[in-house]
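First up is the structure itself, then whatever we jot down about it.
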Amino acid sequence: MDNYHFDFDYYLNTHMPMSIEILSNAEGFKGVKVERGIDISNTIDSTYVAMCYYYFDTLENFMAAFIPHAEELQGDVRNYTNIEPTIQINEVEITL
């Protein structure tokens, strides 16, 4: 993507605290992790600018927490990026 924008300051200091406040009180919440892509200057070699993982006991717990706030959370995306987010649901197989 040419001319992409991602405001890490807003993402880390405004969006994430808001989303953590909303989702961390939900049943089954276990934790959250945010990662920054290492080579964000070269969009050809960098697949992701950032990745956020929310951990819940079950998919049902996550959906029950997220769906009522989806419009608010997804509506805030435009405040920190013009990149279309990719949402993927995973099941953890191994944790050390």
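Magnitude of the Cβ-charge dipole of region 8-79, K/R +1 and D/E -1, about the Cα centre, nearest 20 debye?
Around 120 debye, computed over region 8-79.
Given Cα pairs under 8 Å that are at least 6 residues apart, what percent is the relative contact order of the chain?
The value is 35 percent.
Which residues' amide hydrogens lie under 5 Å from the amide hydrogen of F56, considering only partners 5 or more residues apart or on another chain, with H built in the peptide plane?
Counting only residues 5 or more places away or on other chains, the set is K30.
Can you find, among T95, T47, P68, the residue sitting farthest towards the positive end of the charge dipole of the chain, where Lys and Arg contribute +1 and Asp and Glu -1 at Cβ?
T95
Most exposed first by the Cβ proxy, i.e. fewest other Cβ within 10 Å, how do D9, D57 rank?
Working: D9 8, D57 11.
By the 10 Å Cβ count, ascending, the order reads D9, D57.
Collect residues whose amide H, placed 1.01 Å from N in the peptide plane, falls under 5 Å from the amide H of A50; neighbours closer than 5 in sequence don't count.
Here G37 satisfy the definition.
Using only the alpha carbon atoms of the chain, find the Kirkwood hydrodynamic radius as the inverse mean reciprocal pair distance, in angstroms to one decimal.
The Cα-based Kirkwood calculation yields 14.6 Å.
What 222 nm value per residue comes from the helices of the chain, counting each DSSP H run with n ≥ 4 as -39,500 (n - 2.57) and dividing by all residues, nearest 500 deg cm²/dmol?
Helices in the chain give a 222 nm mean residue ellipticity of -6000 deg cm²/dmol.
Determine the sum of side-chain charges near Y11: Lys and Arg each +1, Asp and Glu each -1, restricted to other residues whose C-beta is under 11 angstrom from that of Y11. Spell out each step's value before the answer.
On the way: positive: R36; negative: D7, D9, D76.
Net local charge, Y11 excluded: -2.
Once phi is turned into θ = phi - 60°, what whole-Hz ³J(HN,Hα) does the Karplus curve with 6.51, -1.76 and 1.60 give for every residue of region 20-27, x standing for Gly and Pro?
For region 20-27, the Karplus curve yields 5, 4, 5, 8, 6, 8, 7, 4 Hz.
So how far apart, in nm, are the two label points at I89 and T14 if each is 7 Å from Cα heading toward Cβ?
3.0 nm
First select every other residue whose beta carbon is under 14 angstrom from the beta carbon of I67; then total the charges, Lys and Arg +1, Asp and Glu -1.
Taking every other residue near I67 into account, the sum is -4.
Each reported figure results from applying straightforward, stated rules to the coordinates on display, with no laboratory input. Small disclaimer: the values here were computed from a predicted structure and weren't measured. With ideal geometry, Cβ positions are generated from the backbone for all residues, glycine too; neighbour counts draw on all protein chains shown.
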